[in-house]
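Q: I am attaching a structure below and will ask some questions about it afterwards.
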Amino acid sequence: MTSLELITQSPEATRALGRRLGELCVGGEVVLLHGNLGAGKTVFAQGLALGLGVSPEEPVVSPTFLIHIQYQARLTFNHIDAYRLLGKADTSFLAIDELIDNQGVMAVEWAEYLGNDIPHKRLEVTLQLCGEDSRLLRLEPRPAADQHYTALLDALAEHHP
Ligand code: ADP
Ligand code: MG
């Protein structure tokens, strides 16, 4: 499918969704996370990390001050928070393209701040607050018809009817 929308009613549910997505990843995936502060981008990334095999003991936090944190697991997890890139014309120091390979999965919070460095093929995830504990999540592949990501969404929807 070319887009999947669902509502979670707790941080645990958002984490579980991220985890299922992580479990379905085979390497090379790029997940761009959009949403305001507190929308749940980090919570989703925590689930993703779990699904990639990062130890539950390992704290996954917003890498706001470090911008990029890497975790070794079944697949390398590259967690980026682009918030501090706002206003920076040149973000090439991140070497985003070099971080995308078949042994790793990348998740970027505040991905809109990547500017020109936004990877062409990616899964866009937008989280929206719709109540204290409820969030609307919209998942969309880019390009919209990308085969790998549309198949991923099919599999995700099967687990989450
Ligand atoms: P972001 O990284 O987008 O700034 P965080 O993931 O750090 O946001 O924080 C989300 C906050 O919202 C957490 O305190 C979490 O417990 C809370 N929360 C409440 N309901 C949900 C939900 N359904 N999904 C995700 N987080 C939720
Ligand atoms: Mg965050």
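Q: Do we find a residue being part of a loop (DSSP other than H, G, I, E, B), surrounded by fewer than 17 Cβ atoms within 10 Å (Cβ to Cβ) and in contact with a Ser or Thr (Cβ under 9 Å, 6 or more places away or on another chain) anywhere in the stretch 39-59?
A: Among the residues of the stretch 39-59, not one is part of a loop (DSSP other than H, G, I, E, B), surrounded by fewer than 17 Cβ atoms within 10 Å (Cβ to Cβ) and in contact with a Ser or Thr (Cβ under 9 Å, 6 or more places away or on another chain), which makes the answer no.
Q: Also, I was wondering about something else. Any residue that is touching a residue at least 24 places away in the same chain (Cβ under 8 Å), assigned to a helix (DSSP H, G or I), in contact with a helix residue (DSSP H, G or I) (Cβ under 8 Å, 6 or more places away or on another chain) and within 16 Å of ligand 1 (Cβ to nearest atom) - is there at least one of those in the stretch 23-34?
A: no
Q: Can you pull out the residues in the stretch 67-109 that are open to solvent by 30 Å² or more (accessible area, probe 1.4 Å), within 16 Å of ligand 2 (Cβ to nearest atom) and in contact with a strand residue (DSSP E or B) (Cβ under 8 Å, 6 or more places away or on another chain)?
A: Of everything in the stretch 67-109, those that are open to solvent by 30 Å² or more (accessible area, probe 1.4 Å), within 16 Å of ligand 2 (Cβ to nearest atom) and in contact with a strand residue (DSSP E or B) (Cβ under 8 Å, 6 or more places away or on another chain) turn out to be His68, Ile69, Tyr83.
Q: Could you count how many residues in the stretch 134-147 are surrounded by 13 or more Cβ atoms within 10 Å (Cβ to Cβ) and either of a type in the set (Lys, Arg) or touching a residue at least 60 places away in the same chain (Cβ under 8 Å) (or both)? Can you show your working first?
A: From the stretch 134-147, those surrounded by 13 or more Cβ atoms within 10 Å (Cβ to Cβ) are 134-142, 146; that's our starting set.
Pick out the ones that are also either of a type in the set (Lys, Arg) or touching a residue at least 60 places away in the same chain (Cβ under 8 Å) (or both) and you get 134-142.
Looking only at that region, the number is 9.
The values are calculated or read from the model by the stated rules, or taken from the named source; none is laboratory data. Being a predicted model, the structure only gives us computed values, none of them experimental. Every residue, glycine as well, gets a Cβ built from its backbone with ideal geometry; the counts of neighbours run over all protein chains shown. To get the accessible areas, we keep the full protein, side chains included, count just its heavy atoms, and leave off ligands, DNA and RNA. Shrake-Rupley method; radii C 1.70, N 1.55, O 1.52, S 1.80 Å.
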